[in-house]
């Protein structure tokens, strides 16, 4: 028995004494929302991490049934198995902001350790030797590096997080390149890719080697090609030059769904041009959109299986790049895992609490995670939000531009303002319930009108029924505002922010951005003309500004500092550098 | 006396009819002037416009000092007033030497001098062109012609998958009636109007007997007919070939029209290019019969460029808008050679120029006539569309202007060979079994089977492009 296993045994014994493992009643109807899946026991068993129920489900792959379900947290977002101990799982909880070490003993899961981590963890990866875990925290914009062994054996959790690297974007997908000791981090909303050096020694901010961009947004999965030195990813491209017209949507001019690969060497070399050897494949086409490509697997012997989250399908290619086969899955397939036999693929259907099991060309079966209640209007609305079939030919869903209800930060040329060739920044939908009127020009008095317009005009879809509109509106109204960056709420920034608040009032910013929503019903000419000379806008809410990367209707300002220093937005005399700092500190807390 | 009275009545009646026609034409002229004032890129004032038109509606004497007459026309506030004015002048014998039947054409020609392209088009034809530009032509999926011996209409070619194909019609079908109206010796334009209609509507055809089938009636439903805008060179009967038969690693594509599907089709070709090891590409934009839409041209240029400026687009009363390509491009790493000639339409010329300015492509051939004017159709009345310049495209390099000057001049071919090439090009078949673009201008008895290499062997521009392509990719 190696040191790690002995250590874990001791910890488990201690945990059993201290902690009660809750085995759930599988017959009680409830929603689970699986978001991650791992395969264990040489492919005989599957474990899912469930977001809504905060539980882990253990499935029998052969019998295609659930063996047990155990609540371990509140809102699990990812799951990995230790490569050195198959009974040790690491999972992360976005609600409690914790990393959990879970021991599995047959059908039972027991939390043996908890570690506070940067708020809003969403993704975890573990190195091949099991020594380190990397956690992406979405709204904290950080990567935490955890020394797993030190964490499990010590009683000083603060020393377990050996590094916290800040990023200029919200991270989600992670990919470890073990032999190079590098971590690749993908932007959750936009198109940035960062590389962090994890080599031995102190990991500090200087280990952030590069941040570069591809064209597009919504990188939903990063993976390494099994046989070529390439990194592969799924994402979308929203063309700012195309219009939200039937023709541009129909022919894939407006939104394309892609499988992109980059040369690994180029990505790991901070000086290399990552576009140089990029290859792009366009998924779907006219009359067969491939909305929201998400998780995928590349078979070692050739062939790819890609989950299309928006159309509820698994897109298969046999290596010929024809992508000719589409298999139906459950609702919102987000993740695909290749079975140990390199034959079966397991598709995680997040919104239908099921796992689709597929072979090379057909569906083998579906595993239900358990009974669930009838859907509420909000739940139905959530499904609609992620349904690409609301758009013409299934090219994109609401979630394509409004990832997680937020924004992909791109520009979209739609006809909301009555003109084309005036692309405008996609606005967040978080906190939208109380920010009427809607649209950049405040055209829509009600959320219902905005919804119907977006579906019909921007997405070129069929009008929603009243029931569908009710459901979608119900869902949108549940979207809370994005949290400010945690560091912006620290004590040291408090003083700056307080002075900033005073300045905000003194400059009469509240005339347009009135609290508590920091918007108003006004439509104001702010002297920022679009391409056709339009310059009247409904002031967008200032909540969540610290999570935004560009500002104004066309994203021309790349920072809040620029809003005031470069563009002197609605101020008559220039502010001092200190004043700008104070104002920005205040705004970043909203 | 009676004879005199009758003559007077006839003369009066004739004058009455012509006055009505003058009134109608006067109304139309007013609407043309009004549309130009509202939409033309140069923002002309009405005085300038009427001054240009006045020679067509005045006497020689008035022409010497036309100011008061110009003012009279300028002061017409409505189309009817202008119509009344012209009719009155006509009755008074002051309408000038231009016959009524030619007046509109003359007015347009006079306006072209200061304003550039100016043409009237039937609204129905404009609708068809717009459908073709957006690759959503609504029809039966036929290539129209006339059977010369009988004078009846003929469907020279039936497009696979279209309504006519599904209805069991074959190439060479003779159509004697359309919705119970005989087609014999009826102008093509009229019959095409009968055949066209909104999507989902029906049309009934009487088909001439063709052994073993007797004369019969069929009812077809009008549907969307998709056509390809990106065509390849065929040297194999069944597979889609995009490479030159003598140079298999050089791709050759013709894009006779920029439509809404062009970018999508180029993306499909991009995938094929990589699979087939194509190492250089010739884009043949010569002899383009139909141009296309500048918005779609912008998307195509964007697709072919990586991060470069495309062009400056200037509309009326606005600052030029710089269009910039995004950071991805098709045919990455593959040298491009573009063929253009005098027949290259504006949209294709603009794309070629943007690629030249970005250093992305070498241009071969002759200068197109395009001078940067973007022509758009503006509604005049329910029957007519006026095509005029509503925007301008300026090149992004300050040292370059219109016309586009090729990097390598290669006059393509003799006039006879040009005609042959035009015929061959428009017989071009797409390799994957689809049919050539729908066009009412295709000769009914055109040779089928696709363009052959032998048809283009004399084409100096193509040869030059091929040689340049080969040189381009073989450089270390």
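Key figures for this structure:
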| quantity | calculated |
| --- | --- |
| Alpha-carbon centroid distance for the pair region A:522-590 / region A:306-352, whole angstrom | 43 |
| For region A:142-207 versus region B:277-349, the gap between their alpha-carbon centres in whole angstrom | 43 |
| Share of pairwise Cα separations in region B:137-225, more than 21 Å, in percent | 18 |
| Reciprocal mean inverse distance between Cα atoms of chain A - Kirkwood radius, Å | 24.9 |
| 10 Å Cβ neighbours from other chains, averaged over peptide B:313-323 | 2 |
| Footprinting exposure proxy for B:48, A:142, A:465 (fewest neighbouring C-beta atoms within 10 Å first) | A:465, B:48, A:142 |
| Packing rank of A:347-356, A:149-158, A:429-438, where each peptide gets the mean count of other beta carbons within 10 Å, highest leading | A:347-356, A:429-438, A:149-158 |
| Sorted peptide list for B:60-66, B:186-192, B:358-364, A:444-450, criterion being average Cβ within 10 angstrom, highest first | B:358-364, A:444-450, B:186-192, B:60-66 |
| Label-point separation in nm, residue A:202 to residue A:433, each point 7 Å along Cα→Cβ | 4.7 |
| Helix-only CD estimate at 222 nm, as mean residue ellipticity for the protein assembly as shown, using -39500 (n - 2.57) per DSSP H run (n ≥ 4) | -7500 deg cm²/dmol |
| Volume in Å³ per residue [convex hull over Cα atoms, computed for region A:352-503] | 199 |
| Normalised alpha carbon radius of gyration of region A:422-469 [divisor 2.2 N^0.38 Å] | 1.15 |
| Taking region A:220-482 and dividing mean pair separation by its residue count, relative contact order in percent (alpha carbons under 8 Å, at least six apart) | 16 |
| For A:241-253, mean number of other protein chain Cβ atoms within 10 Å | 6 |
| Sequence of A:206, B:150 once ranked by neighbouring C-beta atoms within 10 Å, starting from the fewest | A:206, B:150 |
| Residue mean of other protein chain beta carbons inside 10 Å, A:291-303 | 0 |
| Ranked A:506, B:28, criterion: other C-beta atoms within 10 Å, fewest first | A:506, B:28 |
| Separation in nanometres of the label points that stand 7 Å from Cα toward Cβ, at residue B:77 and residue A:378 | 6.2 |
| Over region B:2-115: Rg over Rh, Cα atoms, Kirkwood Rh | 1.03 |
| 10 Å binning of all Cα-Cα separations within region A:486-587, expressed as whole percents from 0 upward | 14, 48, 32, 5, 0 |
| 5 Å-binned pair-distance histogram of region A:324-385 (Cα, whole percent) | 4, 17, 25, 23, 15, 9, 6, 2, 0 |
| FRET efficiency for residue B:125 and residue A:116, using Cβ-Cβ distance with R0 set to 51 Å, rounded to 0.05 | 0.10 |
| Volume of the Cα convex hull of region A:306-422, divided per residue and given in Å³ | 144 |
| Stokes-Einstein D (µm²/s) once Rh is taken as the Kirkwood radius of region B:260-387 over alpha-carbon pairs, at 4 °C in 1.567 mPa s | 83 |
| Region A:368-421: Cα Rg divided by the 2.2 N^0.38 Å rule of thumb | 1.50 |
| Mean separation of Cα contacts under 8 Å, 6 or more apart, over the residue count of chain A: relative contact order % | 9 |
| Rounded D (µm²/s) - region A:220-482, Kirkwood Rh over Cα pairs, Stokes-Einstein at 10 °C, 1.306 mPa s | 82 |
| The protein assembly as shown, Cα convex hull volume normalised per residue, Å³ | 228 |
| Mean Cα-pair separation over length for region A:486-587, i.e. relative contact order, pairs under 8 Å, 6 or more apart, % | 36 |
| Counting all C-alpha pairs of region B:324-366, share separated by more than 18 Å (%) | 26 |
| Sorted peptide list for A:294-301, A:398-405, A:490-497, criterion being average Cβ within 10 angstrom, highest first | A:398-405, A:294-301, A:490-497 |
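We did not get these values from a lab; they are worked out from the coordinates using the rules stated. Since we're looking at a predicted model, the values are computed, not measured. Quick reminder, even Gly has a Cβ in these numbers, built from the backbone with ideal geometry, and neighbours come from all protein chains shown.
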